[in-house]
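Colleague: Quick one: structure below, then a few questions.
Just so it is clear, none of the values below were taken in a lab; they were calculated from the coordinates. In this text the structure is predicted, and so the values were computed from the model without any measurement. Note: ideal-geometry Cβ built from the backbone for every residue, glycine included; neighbour counts use all protein chains shown.
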Amino acid sequence: MVTVTSPRPQCWTWTILSYATRPQVLLALLSDLERSYPLVWKSMNVERVGAGNFSLLLTWAGSDPSLPATLFVSHYDVVPVSPGTEGQWKHPPFGAEIADG
């Protein structure tokens with residue numbers, strides 16, 4: 001497991017609708033990721049794909065293409081929190097906490 005020691009800014013990346021209504025939030029997040037992990041952008045092929053080009057496809061070429069490949073999948077969109085229900089969460093809904101492994 002990888003733990004990010006410098007948490008991302010807590011930005012509201014809610015569902016596909018956010019991409020159309022608040023693209024500046026996602027653009028800021030993508031810029032922050034590139035600034036925070038320059039070696040990733042330097043050593044991998046980074047492509048923006050999908051609706052609005054807000055998804056990232058990173059290809060890390062190995063030294064031997066005959067060996068099996070590995071796929072890592074992640075996401076950064078979430079569902080909204082109903083106002084007033086924050087106290088019902090075991091962990092803050094946007095706290096970026098790693099729990100139970």
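Colleague: Multiplying the sequence separation of VAL81 and SER31 by 0.36 nm and subtracting their Cα-Cα distance, what value in nm do you get?
Modeller: 15.5 nm
Colleague: Expected output is a single nm value to one decimal: the length gained when fully extending between THR59 and TRP41, i.e. 0.36 nm times separation in residues minus the C-alpha distance. What is it?
Modeller: Roughly 5.5 nm would be gained on extension.
Colleague: Under 5 Å between amide H atoms, partner at least 5 residues away or on a different chain: which partners does SER55 have, H built in plane at 1.01 Å?
Modeller: VAL49
Colleague: Can I ask one more? From the backbone phi of the stretch 24-35, what are the Karplus-calculated ³J(HN,Hα) couplings (6.51 cos²θ - 1.76 cosθ + 1.60, θ = phi - 60°) in whole Hz, Gly and Pro given as x?
Modeller: 3J(HN,Hα) across the stretch 24-35, in whole Hz: 4, 5, 6, 4, 5, 5, 5, 5, 5, 4, 5, 5.
Colleague: Please give, to one decimal in nm, the separation of the simple spin-label points placed at ALA69 and VAL49, each 7 Å out from Cα toward the Cβ.
Modeller: Label-label distance for ALA69 and VAL49, simple model: 0.9 nm.
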